[in-house]
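Here is the structure we will look at, set down as structure tokens.
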Amino acid sequence: MRISDAVNERTQRKQPFYSLEFFPPKDRALWPSFLDTVEQLKAMTPLFVSVTYGAGGSTRDNTLDLTAAIAQKGLTPMAHLTCVGADAASLRDFLNGLRAAGVHNVLALRGDLPKDRPVSDAFGEFVHAVDLVRFVRREFPDFSIGVSAYPHPHPESPSFASDRQATAEKIAAGADFAVTQLFFDHREYVAYVEAMRALGATAPILPGVLPVQSLESLKRILFLSGCNIPAKLFLTLEEAHAKGGAEAVREAGIAFAVEQTRRLLECGAPGVHLYTLNKADVCLRIASEIGPL
Ligand code: FAD
């Protein structure tokens, strides 16, 4: 199934949905337990699930193999794909591999700049995600294409306006929908969608929600993504840690994600994309508190 068709249909019917993001373990010995996690999360009836792609394509085969395994479980997967280290031949291989597995869904990304080599070495003909969107749209017209979006601008961008313009260009180039980077204030999403509509970008924009699971993982994610967190939330999590340790942080993180999800859906978000961090229990708790979608 093309995810874009399913997203459009649910958006038009105003029937919200969950989508779930997983990152494949590098160690294949961990795949059975990873696939168990995926199996458990079928209970959320996600509209689709997405599978991340290692920096620089380092886990490309893992993404391909696990995307195929997830498709066999009767779920609709979307493989992430980045420009870093990619050329047209390797992209064709990857996309043909997806097609052979019956998957026609890709999230077209630039990828993070490598820290271990000059940027000029990392990119060939595909410099920005928009180049990948154009390539997939031209050579794989049967594919549904998602792209990233940043309610709080991407850390490298010089301004809010230029970052939004860059995302509008990805949509104009053929992307069917966008999934946002994590953020914690639902009003940022509302303002972002309004700004994108004003630029003529009408594609659905799915908000990405990260349930905070621990202070350590939160700090790592904020460092890697360059995202902001409202001071009040951070202080609440620190206070939870001081009073009740790791378990209290996890509970506060779930409570916040439930509230954020409710508010996003009330504000008209078509659905919510959960960054699962491969943790089934946390996502199932959120779904049970929100109720069925
Ligand atoms: P782009 O859209 O190309 O934007 C990158 C920067 O360039 C931005 O500052 C933008 O404003 C600017 N820009 C874009 N187009 C132009 C242009 N034409 N001219 C000038 N400037 C331009 N990374 C992974 O390695 N693997 C993953 O699986 C992965 N999954 C992700 C999933 C989601 C939902 C999100 C939001 C991010 C994900 N990332 C992943 C991280 C992503 O690769 C990084 O944020 C990366 O730094 C930017 O990728 P992008 O696709 O947003 O880039």
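Worth a mention:
- Looking at THR67, THR63, just one residue is in a helix (DSSP H, G or I), at pLDDT below 95, buried (at least 19 other Cβ atoms within 10 Å of the Cβ) and within 16 Å of the chain's Cα centre (by Cα), and that residue is THR63.
- Some residue of the range 38-53 being crowded, with 22+ Cβ neighbours inside 10 Å and at pLDDT below 95: yes
- Within the range 140-159, being more than 10 Å from the ligand (Cβ to nearest atom) and farther than 17 Å from LEU109 by Cβ holds for PRO141, ASP142, HIS152.
- Looking at LEU91, LEU81, LEU109, just one residue is away from the ligand (no atom under 13 Å from the Cβ) and among the aliphatic types (A, V, I, L, M), and that residue is LEU91.
- Selection within the range 18-33: residues that are under 21 Å from VAL179 (Cβ atoms) and touching a residue at least 60 places away in the same chain (Cβ under 8 Å). The member of this set that is farthest from the ligand (Cβ to nearest atom) is TYR18.
- Within the range 91-117, the residues that satisfy the criterion of being exposed (fewer than 13 other Cβ atoms within 10 Å of the Cβ) and modelled with pLDDT under 95 are LYS115, ASP116, ARG117.
- Scanning the range 186-231 for residues that are over 17 Å from the mean Cα position of the chain (by Cα), under 30 Å from ASN8 (Cβ atoms) and part of a loop (DSSP other than H, G, I, E, B) yields a count of 4.
- Being at pLDDT 95 or above and either under 22 Å from the mean Cα position of the chain (by Cα) or not in a helix (DSSP H, G or I) (or both) holds for only one residue in GLU238, GLU247, GLU259, and it is GLU259.
- Among the residues making up the range 156-187, those that are under 16 Å from GLU266 (Cα atoms) and either crowded, with 17+ Cβ neighbours inside 10 Å or modelled with pLDDT under 95 (or both) are PHE184, ASP185, HIS186.
- Residue list for the range 180-209, filter: within 16 Å of ARG262 (Cβ to Cβ), within 14 Å of the ligand (Cβ to nearest atom) and touching a Cys at 6+ places or on another chain (Cβ under 8 Å): PHE183, TYR189
The values are calculated or read from the model by the stated rules, or taken from the named source; none is laboratory data. Source: prediction; values computed, not measured. All Cβ positions, even for glycine, are placed from backbone atoms using ideal geometry, and neighbour counts span all protein chains on display.
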